[in-house]
Amino acid sequence: MYPMFVAGLTVVGLVALMLRVVALKREEKTRIEHGILLTVHLKRIIDSCQKHRGTSNALNQGNVKVKPQLVNLQGDIDRLISSNESQRLKGFPQWESFTEHWPRLKKHALAGDLKSHNLVRQHSLMIDGQLSLLDDVMRDHDLHRMMLDRWTRVSEVCLDTLRVAETVGQTRAVGAGICARGVCAGADRIILDFLRISVQSTTHELVKQINAIKNDDLHGTLQTASKSIDDSINKLLQMVEGDVMKDGQLHVDSNDYFNISTRAIDEVLKVFGIIIHYASQQHTRMI
């Protein structure tokens, strides 16, 4: 009787353990899926705030045609902040800081009562906080455990891609203001030249990183994407060097410069999309 009792307890214990393991796996799967959704959501917010920075600086320095576009961007950002996805971010200090800062910044952008450098700087600090928030969200939801190959983490590639896009975004913001004003001189010239060098070096490192990923499922797609990044960034840098950073009156349309910069950013962000889509489809076997 006693051995049967012990055997029964053992079976019950094993069943309970198996059920617990299954429940933990389900929780982990749900946590990762929520993390992927929040990562995409934050990427949209960052992208919109970057566009708001460039558009508001262009308006601030004389391109009045972009005011309706600025108002639309502010509406987009407000909707993203009030969306259901954003409710999951309320426990993060960086999110609270962003939602407190944003209403003041959007008023300054429309009023045009900040100097250009201060306007761009405030946006850049806000976006830096959003990137830090994204890092915390990805860790909190275990996305840092997801591997594309033996050495490459999904979270690292996503963050590196967004950081390069941010450097190009700063170049877009400063350059769009210069083109709107029609003169490249003083501090703006120094800043734009620094950003030009930063874009060149960080893009080169990102392309090396992308090309080094040993994942047969993604190899061809990432190779094509890295080539497109090189082409679009080179086109932007040629415009910066040949048409924007020159003496005298400029004849570069601010909207044209903004659009060429945006195409370069979009090519960089395509890699983010490729990686995060793959993670959403394959996450159960990537940990």
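The values are calculated or read from the model by the stated rules, or taken from the named source; none is laboratory data. For clarity, every value in this text was computed on a predicted model and none was experimentally measured. Positions of Cβ are backbone-derived with ideal geometry, glycine not excepted, and every protein chain shown enters the neighbour counts.
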Out of (1) without any contact (Cβ under 8 Å) to a residue 60 or more places away in the chain; (2) buried (at least 17 other Cβ atoms within 10 Å of the Cβ); (3) assigned to a loop (DSSP other than H, G, I, E, B), the one V252 does not meet is (1)
Within the range 206-223, the count of residues that are assigned to a helix (DSSP H, G or I) and exposed (fewer than 12 other Cβ atoms within 10 Å of the Cβ) comes to 2
Being in a loop (DSSP other than H, G, I, E, B) and touching a residue at least 24 places away in the same chain (Cβ under 8 Å) is the filter here; which residues of the range 99-150 pass it?
G112, L114, H141, D142, M146, L148, D149, R150
Going through the range 160-195 one residue at a time, which ones are modelled with pLDDT under 95, among the hydrophobic types (A, V, I, L, M, F, W, C) and assigned to a helix (DSSP H, G or I)?
A187
So, in the range 255-283, exactly how many residues are under 21 Å from S226 (Cβ atoms) and either assigned to a loop (DSSP other than H, G, I, E, B) or small (G, A, S) (or both)?
4
Filtering the range 38-69 for residues that are surrounded by 20 or more Cβ atoms within 10 Å (Cβ to Cβ) and closer than 19 Å to G112 by Cβ leaves a count of 14
Test each condition in (1) acidic (D, E); (2) within 18 Å of the chain's Cα centre (by Cα); (3) at positive phi for D78 and report the one that comes out false.
(3)
